[in-house]
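The values are calculated or read from the model by the stated rules, or taken from the named source; none is laboratory data. Just so it is clear, the structure is predicted and the values come from calculations on it, not from any experiment. Glycine gets a Cβ as well: all are built from the backbone with ideal geometry, and neighbour counts include every protein chain shown.
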Amino acid sequence: MLRRVSRMEMAGAVISGATLQTELATRDALEGRRKGLRAFLPFAGPAIMASVAYMDPGNFATNIQAGSTYGYQLLWVVLIANVVAMLFQAMSAKLGIVTGRNLAQLCREQLPRPIVIGMWLASEVAAIATDIAEFIGGALGLSLLFHISLMYGLSITGIVTFALLRLDKSGFRPLELVIAALVGVIGLSYLCELVIAQPDWGTALFHTVVPQLRDRSAIVLAVGIVGATIMPHSLYLHSGLTQGRTPARNDRERRGLLRFSNQEVVIALGFAGAVNLAMVMTAASAFGKSTPGIADLGVAYHTLVPALGVGAAGIFLIALVASGISSSVVGTMAGQVIMQGFVGFSVPVSVRRLITMVPAFFIALTCNTMSAMVLSQVVLSFVLPLPMVALVVLSSRKSLMGDFVMGKWMAVAAVIATVLIVMLNVVLIRQIFP
């Protein structure tokens, strides 16, 4: 018994050492003692964590429906959404690095109280909508992969999520490494799917750059893709993830942190964008002609077996499980940041997890899970303008950002992106309530 405890303690020391080693390496890089890739790697983590939100099961649902229904025609929506995501994730990270506070905290400090309360409530709704897709997706993947009931899948997903969240007690690095590994599994899975599916690359390239919306349903799906790609909770989370790492002691170090942060955003979200494009292309190739209009992940799995083989179907489930578990962990962390920032206090992570997990359990066992997953992404798209507007307003305040205030052209791009998303939502409302 004594020997077993000793090993556990040694393991804890190694894990804590990973975080300490990363902090020392980032300090060396800021002071010029590390160059090239060795300088960049210690800073990798926050954008990778945030990128999970762009590859969650909600993306699987909307991308498969888009590819199976409209072929390659909505690839341009995925591309534009990902570019906008890069812009706003970079803005979120910059806000955290420059001010030392996260977006939710700054909203509470800088904005009128009624607006803050409204944003907090909307963010909690978004957190629940997010967890519906994440939790159900992971559970469904486990259910199909191991031939167990959905209830068992839900329970296992919840237990694994709780276990992974405990890694955060040993510092930021262990959890970042686990999430990075799960992200790698998702990416490798869809690389394999593309090789097996053999999509029409010429048609895919054409529709990636040429906009087209065929009908009303395409508009609804486009809004769902935007809601699934640019996630409200990830905008809050990214600014919070910068707080627990190496603090900047002067403007020179802030510029160094921003440079590494921007590089990571481009790499991590570029990777996530490629995965989303691969999802649509695989669905278009596998389902577009033989079984169009698939919106159910279970149906997608069973259809993949005769279409691309058992191997492709199994790889799809592995990616879905990795996506569901990693996004559930990151979603819970985002919920903590949102609650602590907006209302000034935090709750135990187990309570925070239950707040969003219980509704997901109820919906999974009583409703059409796939319809709920797609609609959850539409809900997220409606909530999305709130943190986007807050980011633009706060990043433009000289009194808050000092010499790091947002430039004119970046502000124009951010405002245009926000207006376009609001306009998409208005069009959606008119389609639903003519």
Q. What are the residue pairs meeting all of these: first residue in the range 90-115, first residue surrounded by 21 or more Cβ atoms within 10 Å (Cβ to Cβ), second residue among the charged types (D, E, K, R), Cβ atoms under 7 Å, and 6 or more apart or on different chains?
A. I97/R254; V98/R254
Q | Test: R7 is more than 30 Å from R216 (Cα to Cα), modelled with pLDDT under 85 and of a type in the set (K, R) | A | yes
Q. Which numbered condition trips up G171, out of (1) farther than 25 Å from P387 by Cα; (2) surrounded by fewer than 17 Cβ atoms within 10 Å (Cβ to Cβ)?
A. (2)
Q: Any chance you could count how many residues in the range 376-406 are under 26 Å from V220 (Cα atoms) and part of a loop (DSSP other than H, G, I, E, B)?
A: 1
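Return yes or no: is A181 over 14 Å from G324 (Cα atoms), within 23 Å of the chain's Cα centre (by Cα) and not basic (K, R)?
no
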(Q) Against the condition in contact (Cβ under 8 Å) with a residue 60 or more places away in the chain and surrounded by fewer than 22 Cβ atoms within 10 Å (Cβ to Cβ), how does V183 come out, does it pass? (A) no
Q: Please indicate, with yes or no, whether at least one residue in the range 41-51 is part of a loop (DSSP other than H, G, I, E, B) and at pLDDT 85 or above.
A: yes
Q.
So, in the range 146-172, how many residues would count as being in contact (Cβ under 8 Å) with a residue 60 or more places away in the chain and of a type in the set (V, I, T)?
A. 3
Q.
Regarding the range 144-159, can at least one residue be identified that is within 27 Å of G270 (Cβ to Cβ) and of a type outside the set (D, E)?
A. no
(Q) Going residue by residue through the range 216-238, is there one that turns out to be assigned to a helix (DSSP H, G or I), among the charged types (D, E, K, R) and in contact (Cβ under 8 Å) with a residue 40 or more places away in the chain? (A) yes
Q | Cβ-Cβ under 9 Å pairs, at least 6 apart or on other chains, the range 189-204 side more than 14 Å from N276 (Cβ to Cβ), far side exposed (fewer than 15 other Cβ atoms within 10 Å of the Cβ) | A | C192/G311; I196/G309; I196/G311
Q) Does A126 qualify as being closer than 30 Å to Q243 by Cα and surrounded by 14 or more Cβ atoms within 10 Å (Cβ to Cβ)? A) yes
Q: Would you be able to say whether some residue in the range 233-250 is under 15 Å from the mean Cα position of the chain (by Cα) and modelled with pLDDT under 85?
A: yes
Q.
Between I117, I159, which is among the β-branched types (V, I, T) and under 30 Å from L394 (Cα atoms)?
A. I117
Q: Tell me which residues, restricted to the range 129-154, are surrounded by fewer than 20 Cβ atoms within 10 Å (Cβ to Cβ), under 16 Å from F362 (Cβ atoms) and either in contact with a Phe, Trp or Tyr (Cβ under 9 Å, 6 or more places away or on another chain) or β-branched (V, I, T) (or both).
A: M151
Q.
Could you check the range 281-315 and list, in sequence order, the residues that are modelled with pLDDT of 85 or more and in contact with a Leu (Cβ under 6 Å, 6 or more places away or on another chain)?
A. A286, A312, A313
